[in-house]
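Heads up: the structure comes next, in structure tokens.
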Ligand SMILES: Nc1ncnc2c1ncn2[C@@H]1O[C@H](COP(=O)(O)OP(=O)(O)OP(=O)(O)O)[C@@H](O)[C@H]1O
Ligand SMILES: [Mg+2]
């Protein structure tokens, strides 16, 4: 990087924009096969996560991995990243057999990874995280200035020059953390960058940004392995697709743009899935107002929000990450204290605190599964019943049999894999963990569901099931307030839609009156992202 | 597999491993086996977590090793079954008071806290229940006083920590100092003799050949196990310690529960105070010195995670018994208390190391063997 070393002020925007994001190693040849996996097998106690995987990745391509939740995608990339060791099979890296004993070895070889689960050190700064393990050093002293500058540069290239390199990662929202993970991957000199569901926590415009970066990378001959459950993304950015099912490659090197969706889905699932939203009730069956929010305000998060949810109604909130949606949900749920405004359930003003909200019949599936929702070491069934075990208990004694039965019922509806509710949640794949988080509130007994990104990381099949369950609950009179970054999901599932921008509700309309472009325009108008390439 | 094959249910197609399961990844096995066994089907220890049972087997191994050491160093004594039985009872009796304190400590640590004030609470409760005034109410009054003092001091800890937002380490450290100070001022730094024969008999008597103190330990351990593994209180404890934010968002009152955990620890200290007073037929402000360290150490080598969310009562009990056995071993061999402390320190480190590494290294060995045989 030809940046002046001493004066941070000279690291101006122009200088930043001209420097290449990642300097590709000089000997990179586009089109050459950089990675070839043959018959890769990896077992965990009781699970064969990879069962003979074949994969071939070329320099300069975006190679997409598709597969249902638990198909083995994350396990595969963890083997590549040196996190797991394969039981058998060959890894060929740039024409030579290779094995990566640890993540450092893989990074040295030029493989950088953005993991599905954020792996940042919360109490270190953004810059320290970005350069963790390969800090700039002088005689053992970390060169903070240089690291901060380089980090700032990477962040601006990622479209997030506003994140200060010195900020503690803990204080960033989920999307910000994802950006830092990406910055970390880009801080290496890499020939292959692996991205495990990078878009799951990103809003629409951020995904566009991500794609721009991916194109820059591949133009330099860097290969990208891209994992996502959103087929549209794969069509947009992908070159070739490899499909995994139950740890095996069921199709390799399909053209990403031209392979029909039903082909992809049937190779992933072994069946055809109607990816449609459940019908809305035809008559206006929604009942009385269940939730009434008036003038709710928290400085810097959202201002003067008023909304209502009727019994049996699904209300969707669309908006960018950072538009205050999650904070709003948490405030309604009593997890944050409002500065002004009231929350009423059934006409009664709620006292502050989650306890009161839960007693009034609310339930919330939070945004971040790992930090906000799961007991990773505990069995699945105890996670599913975390909010309800008291209800099945008698005289203070828990009823594990009943809890297992209830959890198993949810596991069946949401296609949890593997369906053994005694497994620790830690051993589940990301999408399956998400099903546990949402499933917790589908057991019944709640009057109002607050769902924050309920389908994050969930595969197409299970997603359709989840929509059915949510609609089914609404039909039984449950009110639902849904936050999602996926506009089609909000429009398809909700009866009524609120569009939020910068902490304010800018539009409210029946879902049928809006289309995706209208919502996107509303969401983006005047946002910080103006002028950024789409 | 062809595209047309419909799979109506979502079960994986190959749920079983081949007969000889291939070696598994070291790091993963360590995780999987440290965090609740995956496949363990219904068995009596189920609630304790499958891996807990595995770890406990390791502790029993340590215990067996200690017994072997005893048998080698004192073959004549260990040859006499009568002596052995009495020695076992002696060890259990030795373990009983700290054991009761450790049960409370285990709850606090699983709940994500720490209680450094347990020894001081035992002393304060002991002193309080042996004042002339309290003794005038008889044994019932003394027992009530000890338990009430324990619970109240525990509650103060709990309120400071959960509502005053003090760090547990600081709050209970302050309580350690304050409670000992209060005990010294109440007792005027004198040893207060208990004149209640009922209280004094607790430690002196046996029922069906087993000391009453051991029954009390058994009862507290059993109650602790049931509460941790079979009640909503126990479930909340694990949730609050494992992920407080998740617990809060699931509607659990984290603050109130944290407060109750310290009260529970205080209650255990109250029980321990009666036992210890009975053993000494007296109480004084310096009693139960450093019990907090013994209890924490026992819980840790028993597999309780210092960061909370995981731990077993059985493991803690084994930890206490191991320490008592070491003390006993040194006593029968006539060795110094200094040497004993050094060995104890070593055992704590060794136990934690073993827990961290045993699965990893075993599987790594397996993996290595497999690679070499394969090539
Ligand atoms: N540490 C582990 N211990 C035991 N089993 C595991 C572990 N990690 C993953 N598995 C199992 O391996 C299988 C593959 O998981 P993996 O995380 O690779 O799925 P995935 O394709 O990434 O799914 P998702 O789309 O949900 O992220 C799953 O059945 C999962 O339960
Ligand atoms: Mg995954």
Matching entry among A:62, A:57, A:91, A:41 (being more than 16 Å from ligand 2 (Cβ to nearest atom) and over 27 Å from the mean Cα position of the chain (by Cα)): A:91
Please specify each residue of segment A:99-124 satisfying the condition of being assigned to a strand (DSSP E or B) and away from ligand 1 (no atom under 16 Å from the Cβ). A:111, A:112
Go through (1) part of a loop (DSSP other than H, G, I, E, B); (2) buried (at least 23 other Cβ atoms within 10 Å of the Cβ); (3) away from chain B (no Cβ under 11 Å); (4) away from ligand 1 (no atom under 16 Å from the Cβ) one by one and return the number of the condition residue A:454 breaks. (4)
Taking the options A:171, A:156, A:125, A:99, name whichever one is within 14 Å of another protein chain (Cβ to nearest Cβ) and away from ligand 2 (no atom under 16 Å from the Cβ). A:99
So residue A:317, is it more than 14 Å from chain B (Cβ to nearest Cβ) and either surrounded by 17 or more Cβ atoms within 10 Å (Cβ to Cβ) or in contact with a strand residue (DSSP E or B) (Cβ under 9 Å, 6 or more places away or on another chain) (or both): yes
Taking segment B:257-295 and keeping only residues that are surrounded by fewer than 24 Cβ atoms within 10 Å (Cβ to Cβ), at pLDDT below 95 and more than 25 Å from residue B:142 (Cα to Cα), one is left with B:293
Would you confirm whether or not segment B:224-238 contains a residue that is touching a strand residue (DSSP E or B) at 6+ places or on another chain (Cβ under 8 Å), within 29 Å of residue A:397 (Cβ to Cβ) and without any contact (Cβ under 8 Å) to a residue 60 or more places away in the chain? yes
Quick check on residue B:184: is it away from chain A (no Cβ under 14 Å), over 21 Å from the mean Cα position of the chain (by Cα) and either surrounded by 24 or more Cβ atoms within 10 Å (Cβ to Cβ) or over 28 Å from residue B:89 (Cα atoms) (or both)? yes
List the strands (runs of 3 or more DSSP E) that sit entirely inside segment A:186-275 and contain at least 3 residues that are touching a strand residue (DSSP E or B) at 6+ places or on another chain (Cβ under 7 Å), within 16 Å of ligand 2 (Cβ to nearest atom) and farther than 30 Å from residue A:135 by Cβ. A:240-245
Hits in segment A:359-408 - residues which are in a loop (DSSP other than H, G, I, E, B) and more than 7 Å from chain B (Cβ to nearest Cβ): A:360, A:361, A:367, A:368, A:376, A:385, A:388, A:395, A:399
Just one listed residue, out of A:322, A:353, is without any contact (Cβ under 8 Å) to a residue 40 or more places away in the chain and either farther than 16 Å from residue A:297 by Cα or in the same structural domain as residue A:293 (by TED's automatic domain parsing) (or both), and it is A:353
Total residues in segment A:55-82, condition within 16 Å of ligand 1 (Cβ to nearest atom) and under 27 Å from residue A:220 (Cβ atoms): 14
Looking only at segment A:298-307, which residues are part of a strand (DSSP E or B) and crowded, with 16+ Cβ neighbours inside 10 Å? A:298, A:302, A:303, A:305, A:307
Of everything in segment A:38-54 that's more than 14 Å from ligand 1 (Cβ to nearest atom) and closer than 30 Å to residue A:211 by Cα, which residue is surrounded by the most Cβ atoms within 10 Å (Cβ to Cβ)? A:54
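Assess whether residue A:80 counts as being crowded, with 19+ Cβ neighbours inside 10 Å, more than 28 Å from residue A:272 (Cβ to Cβ), touching a residue at least 40 places away in the same chain (Cβ under 8 Å) and within 16 Å of ligand 2 (Cβ to nearest atom).
yes
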Failed item in (1) modelled with pLDDT under 90; (2) within 16 Å of ligand 2 (Cβ to nearest atom); (3) within 14 Å of chain B (Cβ to nearest Cβ); (4) out of contact with any strand residue (DSSP E or B) (no Cβ under 9 Å at 6 or more places or on another chain), with residue A:117 passing the rest: (4)
Any idea which residue in segment A:83-96 is surrounded by the most Cβ atoms within 10 Å (Cβ to Cβ), counting only those that are away from ligand 1 (no atom under 16 Å from the Cβ) and either within 25 Å of residue A:177 (Cβ to Cβ) or within 13 Å of chain B (Cβ to nearest Cβ) (or both)? A:88
Which condition number in (1) crowded, with 22+ Cβ neighbours inside 10 Å; (2) outside the structural domain of residue A:76 (by TED's automatic domain parsing) is the one that residue A:288 fails? (1)
If I ask for residues that are facing another protein chain (nearest Cβ under 7 Å) and without any contact (Cβ under 8 Å) to a residue 40 or more places away in the chain, which ones from segment B:242-270 would you list? B:245, B:246, B:248, B:249, B:250, B:251, B:253
Taking segment A:421-451 as the search range and keeping residues that are within 12 Å of ligand 2 (Cβ to nearest atom) and outside any loop (DSSP other than H, G, I, E, B), which one is farthest from the other protein chains (Cβ to nearest Cβ)? A:430
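The values are calculated or read from the model by the stated rules, or taken from the named source; none is laboratory data. Model, not experiment: these values are computed from the prediction. Glycine also receives a Cβ, built like all others from the backbone with ideal geometry; neighbour counts cover every protein chain displayed.
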